[in-house]
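Worksheet: the structure to be examined is printed underneath.
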Amino acid sequence: MKKNLFILALLMVSVNVFSQIKEGDILLNFNGSYEKTSKITGIPSNNISSIEKSLDLGASFKYFISNHFLMGLGIDYYQLKEEGTITQFNQSDDGRTSLIRSELNAESKAALPAVYIGYYKNIVSKLFFSSTLKVAYGTLKTDVQSFAGSRVVAGYQNMLSNIGPASFPSWVENKKSDLLNAKLSPELNYFISDRWSLGLGLGGVQYSSLDGETDNANWSVNFEPKNWTFGVGFKL
């Protein structure tokens, strides 16, 4: 009986020591998220449609200045693709069908160096809670292509076949902006071994600004699951 209690106590101690964070530890983290949303309003012959795809990847190097507080450096890669289309068919008295269509395709991407400060707290066993402030700054590149026009088509069956950007006059714009992004986010980290961990970012409070202008600044508070991030960590 005493032997069994001793083994049980030893296992409990082992579990507690298994993933302890202490001053001087270094964590490498990799995280990311992907989201795709689409929306169509109207009927097939007259509608507004949009598709948005966003990709957010990050890598960081974090150093524990105490048993609970950390500082670090990292880089974030951000990409956003947007496609929007307005389609309208009009049929005249003589039976001819006119197509009016406009389309906007935009892609924004940025690689942003970032600095981190954060707080780590062991909840139970191998599970940790952290709250991290990340401030990132860099250049956001945006490419926009748009076209609009009208055409008389043979009939309704023709619909949108062979009608695209090459069919109508188009214009292209390339723009670079200074992007500042700051985010305070909570995260859960679970150590699956003494070095490897899995992370779940739970959204957060975010501020972003383009070119330092208040008119282009935005605050957001969002903890919805669609804004969660997943990651993996390695303790050196």
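The values are calculated or read from the model by the stated rules, or taken from the named source; none is laboratory data. Nothing here was measured: the structure is a model prediction, and the numbers come from that model. FYI the Cβ positions are ideal-geometry reconstructions off the backbone, even for glycines, and counts take in every protein chain you see.
Residue by residue, here is whether (1) surrounded by fewer than 15 Cβ atoms within 10 Å (Cβ to Cβ); (2) under 27 Å from Gln79 (Cα atoms); (3) more than 16 Å from the chain's Cα centre (by Cα) holds:
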| site | (1), (2), (3) |
| --- | --- |
| Glu103 | no, yes, yes |
| Pro113 | yes, yes, no |
| Asn122 | no, no, yes |
| Lys126 | no, no, yes |
| Val135 | no, yes, no |
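Screening region 67-88 for residues that are among the aromatic types (Phe, Trp, Tyr) and surrounded by fewer than 19 Cβ atoms within 10 Å (Cβ to Cβ) and picking the one that is nearest to the chain's Cα centre (by Cα) gives Tyr77. Screening Ala166 on (1) surrounded by fewer than 16 Cβ atoms within 10 Å (Cβ to Cβ); (2) modelled with pLDDT of 90 or more; (3) not β-branched (Val, Ile, Thr) shows it passes everything except condition (2). For Lys183, the test of being within 13 Å of the chain's Cα centre (by Cα) and buried (at least 17 other Cβ atoms within 10 Å of the Cβ) is passed.
Of all the listed residues (Ser146, Ser209), the sole one being surrounded by 15 or more Cβ atoms within 10 Å (Cβ to Cβ), within 22 Å of Ala111 (Cβ to Cβ), modelled with pLDDT under 95 and hydroxyl-bearing (Ser, Thr, Tyr) is Ser209. Within region 19-78, the only residue that satisfies the criterion of being acidic (Asp, Glu) and over 30 Å from Ser193 (Cα atoms) is Glu52. Yes or no: Lys81 modelled with pLDDT under 85, among the charged types (D, E, K, R) and farther than 22 Å from Ile117 by Cβ? It is false that Lys81 is modelled with pLDDT under 85, among the charged types (D, E, K, R) and farther than 22 Å from Ile117 by Cβ.
Restricted to region 212-236, and to residues there that are among the polar types (S, T, N, Q) and free of Cβ contacts under 8 Å to residues at least 60 places away in the same chain, the residue that is nearest to Phe129 (Cα to Cα) is Asn222. Taken as a whole, region 52-66 holds at least one residue that is within 16 Å of Gly233 (Cβ to Cβ), surrounded by 15 or more Cβ atoms within 10 Å (Cβ to Cβ) and over 23 Å from the mean Cα position of the chain (by Cα).
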